[in-house]
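Engineer: One structure is given below, represented as structure tokens, and several questions about it will come after.
The values are calculated or read from the model by the stated rules, or taken from the named source; none is laboratory data. Please read these numbers as outputs of a predicted model, since none were measured by experiment. Note: ideal-geometry Cβ built from the backbone for every residue, glycine included; neighbour counts use all protein chains shown.
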Amino acid sequence: MNLKSTPLAGLQIIESAQLRDARGYFTKCFHRDSFQAAGIAEDIAEIYYSMSHKGAVRALHFQTPPHAHSKIIFCLQGKIFDAAVDLRRSSPTYGQHFTMEISGDNPRGLYIPAGFAHGFIAMTDDVLFMNATSHVWNGESDGGIHWQSCGIQWPDIAPIVSDKDKNLPAFADYESPFA
């Protein structure tokens, strides 16, 4: 397992080997020693997955302090266009975003530090998405910014957006609590 830097401070691409044989394949999504070697020493508090139809938008979400969490994400099946936005006011990359396509056929994921908004759009049907977080979900700390307000060039796919995500504030109107 390798972790590779992105242009955004702390955001890491996770590259994992996929072992294939006649039965299928096996992929490691987390290896504590690899993360510690990259300077990341966080515990995983919660792991969940979602299934999304083509066009489903799940974006751009985060948890605010004191329950801010980092994430490890993988697309286990299907294909997504993934986006992360740096909301840390003191960061040299504040307000900038990073995007990449992730699929179940390519064992890559992202480590997303606390202080980032994260989201994706499903590019295929039956997307299975896994998310491991460093803190459990807390409704009072649940936050987000509108997925179309950060200058991200989303794929031209008819979006399916929840009412909650439709009503999130624009990035320009959001006062970030992340130092």
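Engineer: Restricting to the range 16-70, and then to whatever is under 16 Å from the mean Cα position of the chain (by Cα), outside any loop (DSSP other than H, G, I, E, B) and of a type in the set (S, T, N, Q), can you tell me which residue is farthest from MET123 (Cα to Cα)?
Structural biologist: Ranking the candidates gives GLN63 first.
Engineer: I would also like to ask the following. Could you identify the single residue in GLY139, GLY104, GLY115, GLY119 that is at pLDDT below 95 and not hydrophobic (A, V, I, L, M, F, W, C)?
Structural biologist: Numbers: GLY139 fails: at pLDDT below 95; GLY115 fails: at pLDDT below 95; GLY119 fails: at pLDDT below 95.
After applying the criteria, what remains is GLY104.
Engineer: Out of the range 90-146, which residues are aromatic (Phe, Trp, Tyr) and either under 16 Å from the mean Cα position of the chain (by Cα) or within 19 Å of LYS4 (Cα to Cα) (or both)?
Structural biologist: Narrowing the range 90-146 to residues aromatic (Phe, Trp, Tyr): 94, 98, 111, 116, 120, 129, 137.
Once the filter is applied, which keeps residues that are aromatic (Phe, Trp, Tyr) and either under 16 Å from the mean Cα position of the chain (by Cα) or within 19 Å of LYS4 (Cα to Cα) (or both), the range 90-146 yields PHE98, TYR111, PHE116, PHE120, PHE129, TRP137.
Engineer: Ok, one more. Across the range 71-92, which residue is farthest from GLY151 (Cα to Cα) among those that are part of a loop (DSSP other than H, G, I, E, B) and either in contact with a Gly (Cβ under 9 Å, 6 or more places away or on another chain) or of a type in the set (D, E, K, R) (or both)?
Structural biologist: From the range 71-92, those part of a loop (DSSP other than H, G, I, E, B) are 78, 87-92; that's our starting set.
When the remaining residues are screened for being either in contact with a Gly (Cβ under 9 Å, 6 or more places away or on another chain) or of a type in the set (D, E, K, R) (or both), the result is 78, 87-89, 91.
Details: GLY78: 25, LEU87: 14, ARG88: 17, ARG89: 18, SER91: 18 Å.
Per the criteria, the residue is GLY78.
Engineer: Report, by residue number, each residue of the range 98-118 that is small (Gly, Ala, Ser), at negative phi and in contact (Cβ under 8 Å) with a residue 60 or more places away in the chain.
Structural biologist: GLY109, ALA114
Engineer: Could you list, in sequence order, all residues of the range 10-45 that are more than 22 Å from ASP105 (Cβ to Cβ), of a type in the set (Asp, Glu) and surrounded by 13 or more Cβ atoms within 10 Å (Cβ to Cβ)?
Structural biologist: The one that is more than 22 Å from ASP105 (Cβ to Cβ), of a type in the set (Asp, Glu) and surrounded by 13 or more Cβ atoms within 10 Å (Cβ to Cβ): GLU42.
Engineer: Does ILE152 satisfy the condition of being surrounded by fewer than 16 Cβ atoms within 10 Å (Cβ to Cβ), within 21 Å of CYS75 (Cβ to Cβ), in contact with a strand residue (DSSP E or B) (Cβ under 9 Å, 6 or more places away or on another chain) and β-branched (Val, Ile, Thr)?
Structural biologist: Judged against the criteria, ILE152 is not a match.
Engineer: Here's a follow-up. State all residues of the range 160-173 that are part of a loop (DSSP other than H, G, I, E, B) and surrounded by fewer than 18 Cβ atoms within 10 Å (Cβ to Cβ); if no residue qualifies, say none.
Structural biologist: SER162, ASN167, PRO169, ALA170
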